[in-house]
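For reference, the structure discussed in these notes is given below.
The values are calculated or read from the model by the stated rules, or taken from the named source; none is laboratory data. All values derive from a computational prediction rather than experimental measurement. All Cβ positions, even for glycine, are placed from backbone atoms using ideal geometry, and neighbour counts span all protein chains on display.
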Amino acid sequence: MSAFVPCSARNCEAGGTSGCNYIDRRQRRCGTAWCADHHVRIAGFDYCRRHAGVIRALGEQLPAGLPELNNRAASLAAYLGDELNGRVVNVLGRAVASNSEASLVNHPVRLVKTPGGRERRWQRSWNVVDNTGVVSRVVIEVDEADDTVVLTSVGSSRIGRGTPPWIARREGEETDPERRAAFLEAIGRSIEMVLTRPEMAPTRI
Ligand SMILES: [Zn+2]
Ligand SMILES: [Zn+2]
């Protein structure tokens, strides 16, 4: 008889009958066990909630391997990008509306490497492009080497650098929704301020 393996979800007493199938770029498997209510199935494979988020965000584009098991860079960049998407599209949409040659290119989260390839950074970006190239740009990035820090840029200027309160306080996903909303609001507002007041020097947060 095999030993009973409990589901890894907090306060769940059911059996962990599904293992997370996530395998990172160092060939390590997550392997946490989950019950039928707490696993997430994507394209026929079971994952834990956290790694399901990474798989969903990255889709098929996995040129350099999945982030390491405990690295939150990709999932954090994906989460913030989704949360800020409406707001960024709205403000960049005005730039598009005023330029008949322009269009908005909304890039999903992707891996970018610094010159030399030493750093791996997960980036969500929105580019307004016209026939002369990129005319306006918003970028949210999280570096794998420091996956607690969110970097926000508008154009070529870094306008923000901050650690989400739910990471700083090690609360996991059960963070206070008001603090979460306030963090997102601060990033959204700083992006809007820079984009709507081009004469203003980039703000430092
Ligand atoms: Zn469970
Ligand atoms: Zn997992």
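Tabulated data
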read-out	value
The stretch 1-33, residues that are touching a helix residue (DSSP H, G or I) at 6+ places or on another chain (Cβ under 8 Å) and within 16 Å of ligand 1 (Cβ to nearest atom)	20, 30
All positions within the stretch 127-147 that are free of Cβ contacts under 8 Å to residues at least 40 places away in the same chain and either within 18 Å of residue 86 (Cβ to Cβ) or under 20 Å from the mean Cα position of the chain (by Cα) (or both)	127, 128, 137, 139, 145, 146
Selected residue (only one of 96, 105 is surrounded by 14 or more Cβ atoms within 10 Å (Cβ to Cβ), of a type in the set (A, V, I, L, M, F, W, C) and either assigned by TED's automatic domain parsing to the domain that holds residue 187 or not in a loop (DSSP other than H, G, I, E, B) (or both))	96
Condition met for residue 52 (part of a loop (DSSP other than H, G, I, E, B), of a type in the set (A, V, I, L, M, F, W, C) and either within 16 Å of ligand 1 (Cβ to nearest atom) or modelled with pLDDT of 90 or more (or both))	no
Single match in 37, 82, 46 (criterion: modelled with pLDDT of 90 or more and assigned to a loop (DSSP other than H, G, I, E, B))	37
Filter result (under 16 Å from residue 68 (Cβ atoms) and either of a type in the set (S, T, N, Q) or more than 24 Å from the chain's Cα centre (by Cα) (or both)) within the stretch 22-37	27, 32
Selection within the stretch 23-34 - within 9 Å of ligand 2 (Cβ to nearest atom), at pLDDT 90 or above and either assigned to a loop (DSSP other than H, G, I, E, B) or small (Gly, Ala, Ser) (or both)	30, 32
Unique match (being more than 16 Å from ligand 2 (Cβ to nearest atom), of a type in the set (Gly, Ala, Ser) and over 30 Å from residue 131 (Cα atoms)) among 95, 3, 43, 9	3
Output for the stretch 43-61, where each listed residue is hydrophobic (A, V, I, L, M, F, W, C) and surrounded by 13 or more Cβ atoms within 10 Å (Cβ to Cβ)	45, 48, 52, 54, 55, 57, 58
Count - residues of the stretch 30-48 that are among the charged types (D, E, K, R) and without any contact (Cβ under 8 Å) to a residue 24 or more places away in the chain	1
Qualifying position, being of a type in the set (A, V, I, L, M, F, W, C) and in contact with a helix residue (DSSP H, G or I) (Cβ under 6 Å, 6 or more places away or on another chain), among 36, 52, 74	74
